[in-house]
Amino acid sequence: MKKLLLVFMVVAFLLPATLAGAQTTVTVWFGRQEFIPADAFETFHAENPDIRVEFDVIPLEESHVDFMRNHAVGVAPDVVQIFGEFLATMVVRGTLLDITEYIEAWAEEDPEDFADIYDIAFDMTTYEDRIYGINVHSGPFFMGYRKDWLAEAGLEEPQTWEELLDACRILQEEVLTGDEYAYAQPGGAHHPPFWMMATFMSMGGQFRDTGTPIVDSEAGIFLIDFYQTLANEGLQDPEAHAWASGDFRGAFMGERAAFYPEAINIYAYTQEVLEYATEWEVMVQPPREGAEDDFRVNSFGWPYMVNSDTEDPEAVMKVLRYLFDPEICVSVALAYQPANRASVMTSDAYYEAHPYFPILEASFAEQVTYPTHLRSVERADILNEMKFVAQQVPAQYTPEEIAARYQELLDALD
Amino acid sequence: MKLGRDRLYWIPLVILVVWTIFPLLWGVSSSFKTYADIYRVPPSIIPPDPEIRAYQVVLTSRGFSTYVFNSTFLALTSSFIAVACSIFAAYGFARFKFRLSTALFLLILIPRIIPRASLIIPLFQMWASVGLLDSYPALIVSYTATAIPFNTMVLTGFFRGVPPALEDAASIDGATLWQRIRYIMIPMSIPAIITVSVMSLREAWNEFPFVLALTTSTRMRTLPYQLFMLRDAMGIEDWPVVLAFTVLTIAPILGFYIIFQKRVTSGLVSGAIK
């Protein structure tokens, strides 16, 4: 009896430790609270009792730096969500795991599921033909505009940037008064140049292989000229060069701007204060005349990247596939940022929540990634300064001079 | 009306007060505005439709009590340790002449001169090597170490102003070193000790770079970190909530500072002139 009791005690003592040892822990850093699945991995834990997901929120503005610092001392999480533009730096520093073979296996194992995924899900996480993560959500910038004001001025939706600029002039002259301005956009001081690069790409702007934008091209000079015109002809608020994202969004929603380049998640708020389809409408940012073939819809995303030191890549892949499961990512898509899955974006629930999406749907599926760069932060600083100079009133330099000056600075980064 | 010459001095003071107070008033006022009112043009200092929604959002938000606890615990603990250590360090510098004492006194001020950002990487590696990243000890020690130099400098100046004869008399009566500090120096230096306590508390309460770099979990976050988290370029920034959070973050330390303001001023001045 004593022996039996002893055996029982030993088993009781060792069993929990053995079970705990069998369980893999996968740590995830989300870039925003809103990206965390609505069920907080409850279903995942039920389906995968051998894997425990621990997660926290590290703001996207900090996550790549925090990750690399923690990676250097071996305490980084298995999965980190980052701004896609930092991919190159993280790969070159050897902090990310090449998961190409796992993605290829997934495509082979479940081709139907894989066909549901937009290319951007992996384009944004690919560096030198190898895949390092999955871009579950992305948010390209489109264009919101005041349909009623355009109608009042007898204008149609502009089809090119040239038409849009003409529309701005007519609106400013004939319809807008006081503090109302034709165009609203953020300044450069507060944010990376996402909005500027979206416009640049729609104008046909190209990048070098290093990810450096070619701003002394026709598209770049056109972009600078566009900003100079907005500022110098009084088509945007005189303080717009100092605006943060909230200011220009507030300008449109506060009925003080006719056009604003924005992403889908912000349109969800816009329709709460302005009546969609009667007061305002959305469109894809137009091409530049003569550069229609070079037009692209930009994509900015927040991909989940895999730590090069992760001990159990299979478990990590299960977590990533869970995050990308249509039933899971739909909750994030409906409440926050669009998902790169056709079945989610073309679902009745999504159309109901975002009635303007059918207009954007085709372009959303064709997103092209904003290229990564090894010195992404410096690239952003130079581009922001260029935009600031372009908005000087009165203009101090010609667009060509500005383009030449900043192309030189950008090229020096390569 | 002819403005007296002495009244002219008031002009820059008034400008300075308005410069300081106005943003604070604007922040408090805007925390009671609706989201739409924040962006209304022209703006108004008085909320057109005041509401307390932002405060309700903040007070009921997940983790708010954790951030309050962390800020309070870290500020009190690190301030207490920093002041205690500084008293002994300052007493040594004030009362004992030893080899290289002046050089040591200057050395102790060096951490004060070095930008905090440049300390982050070495500190991070140090805490990582002992497995204390994302822990209270890492933050408490880091906060304490950065508070000690200023405290020591202020207290040393003050201690030097306490007549040594008092301690001599106590020594003759048989007082030990500890008793002289405990019953003579500390009671006579209360204004200076309050000063350094308030300064340490304020610094720890507002500290941001260390908590940003040395922590990675929500359970360790403080109020300034969470305030940083509220900024969001990817969504609609709820400015009334950000400002309500700011008001609730600065209110305790502001109240504390107002209560002890006179003593803080006198403590700093005494330390400087004695």
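The values are calculated or read from the model by the stated rules, or taken from the named source; none is laboratory data. Quantities reported herein were computed from a predicted structural model and do not represent experimental measurements. Backbone-built Cβ (ideal geometry, glycine too); neighbour counts: all protein chains shown. Side chains included, ligands, DNA and RNA excluded: accessible areas come from the protein's heavy atoms. Shrake-Rupley method; radii C 1.70, N 1.55, O 1.52, S 1.80 Å.
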Lone qualifier among B:63, B:27 - being in contact (Cβ under 8 Å) with a residue 12 or more places away in the chain, within 14 Å of chain A (Cβ to nearest Cβ) and surrounded by 11 or more Cβ atoms within 10 Å (Cβ to Cβ): B:63
Test set (1) modelled with pLDDT under 90; (2) among the aliphatic types (A, V, I, L, M); (3) touching a Pro at 6+ places or on another chain (Cβ under 8 Å) - residue B:113 fails condition number: (3)
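Enumerate the helices (runs of 4 or more DSSP H) found wholly within the range A:13-102, keeping only those where 1 or more residues are within 14 Å of chain B (Cβ to nearest Cβ) and surrounded by fewer than 18 Cβ atoms within 10 Å (Cβ to Cβ).
Ranges flagged: A:60-72.
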Those residues of the range A:258-284 which are assigned to a helix (DSSP H, G or I) and of a type in the set (D, E, K, R), in sequence order: A:272
Within the range A:103-120, considering residues that are farther than 17 Å from residue A:364 by Cα and in contact with a helix residue (DSSP H, G or I) (Cβ under 7 Å, 6 or more places away or on another chain), the one surrounded by the most Cβ atoms within 10 Å (Cβ to Cβ): A:103
Identity of the residue in the range B:232-252, part of a loop (DSSP other than H, G, I, E, B) and among the aliphatic types (A, V, I, L, M), that ends up farthest from the other protein chains (Cβ to nearest Cβ): B:234
Residue in the range A:121-157 that is nearest to residue A:339 (Cα to Cα), counting only those that are open to solvent by 40 Å² or more (accessible area, probe 1.4 Å) and either within 25 Å of the chain's Cα centre (by Cα) or in the same structural domain as residue A:102 (by TED's automatic domain parsing) (or both): A:123
Total residues in the range A:355-386, condition assigned to a loop (DSSP other than H, G, I, E, B) and farther than 23 Å from residue A:208 by Cα: 2
Number of positions in the range A:391-414 that are aliphatic (A, V, I, L, M), modelled with pLDDT under 95 and open to solvent by 60 Å² or more (accessible area, probe 1.4 Å): 1
Residue B:94 vs. criteria touching a Lys or Arg at 6+ places or on another chain (Cβ under 8 Å), under 30 Å from residue B:185 (Cα atoms) and more than 14 Å from every other protein chain (Cβ to nearest Cβ): yes
Checking residue A:287 against (1) farther than 19 Å from residue A:370 by Cβ; (2) part of a loop (DSSP other than H, G, I, E, B); (3) open to solvent by 20 Å² or more (accessible area, probe 1.4 Å), the condition it does not meet: (1)
So residue A:178, is it open to solvent by less than 10 Å² (accessible area, probe 1.4 Å), touching a Lys or Arg at 6+ places or on another chain (Cβ under 9 Å) and more than 19 Å from residue A:384 (Cβ to Cβ): no
Looking only at the range B:151-193, and only at residues there that are of a type in the set (D, E, K, R) and touching a residue at least 40 places away in the same chain (Cβ under 8 Å), the one that is least open to solvent (accessible area, probe 1.4 Å): B:167
Residue count, the range B:103-121 (criterion: under 26 Å from residue A:74 (Cα atoms) and open to solvent by 70 Å² or more (accessible area, probe 1.4 Å)): 2
Scope the range A:164-212; condition without any contact (Cβ under 8 Å) to a residue 12 or more places away in the chain, farther than 17 Å from residue A:226 by Cβ and assigned to a helix (DSSP H, G or I); matching residues: A:173
Residue A:255 being without any contact (Cβ under 8 Å) to a residue 12 or more places away in the chain and more than 22 Å from the chain's Cα centre (by Cα): no
Qualifying positions in the range A:227-246 - of a type in the set (Asp, Glu) and either open to solvent by less than 50 Å² (accessible area, probe 1.4 Å) or in a helix (DSSP H, G or I) (or both): A:237
Meets criteria (farther than 24 Å from residue B:191 by Cα, open to solvent by less than 70 Å² (accessible area, probe 1.4 Å) and polar (S, T, N, Q)) for residue B:129: no
Count - residues of the range A:213-226 that are open to solvent by 10 Å² or more (accessible area, probe 1.4 Å) and assigned to a helix (DSSP H, G or I): 4
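Just for the range A:247-257: of the residues that are surrounded by 23 or more Cβ atoms within 10 Å (Cβ to Cβ) and assigned to a helix (DSSP H, G or I), which one is nearest to the other protein chains (Cβ to nearest Cβ)?
Looking at the filtered set, the residue picked out is A:250.
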Any chance residue B:81 is of a type outside the set (Gly, Ala, Ser), in a helix (DSSP H, G or I) and within 14 Å of chain A (Cβ to nearest Cβ): no
Those residues of the range A:306-329 which are surrounded by fewer than 20 Cβ atoms within 10 Å (Cβ to Cβ) and under 16 Å from residue A:138 (Cα atoms), in sequence order: A:325, A:326
Among (1) of a type outside the set (Gly, Ala, Ser); (2) in contact (Cβ under 8 Å) with a residue 40 or more places away in the chain; (3) crowded, with 21+ Cβ neighbours inside 10 Å - the single one residue A:276 does not satisfy: (3)
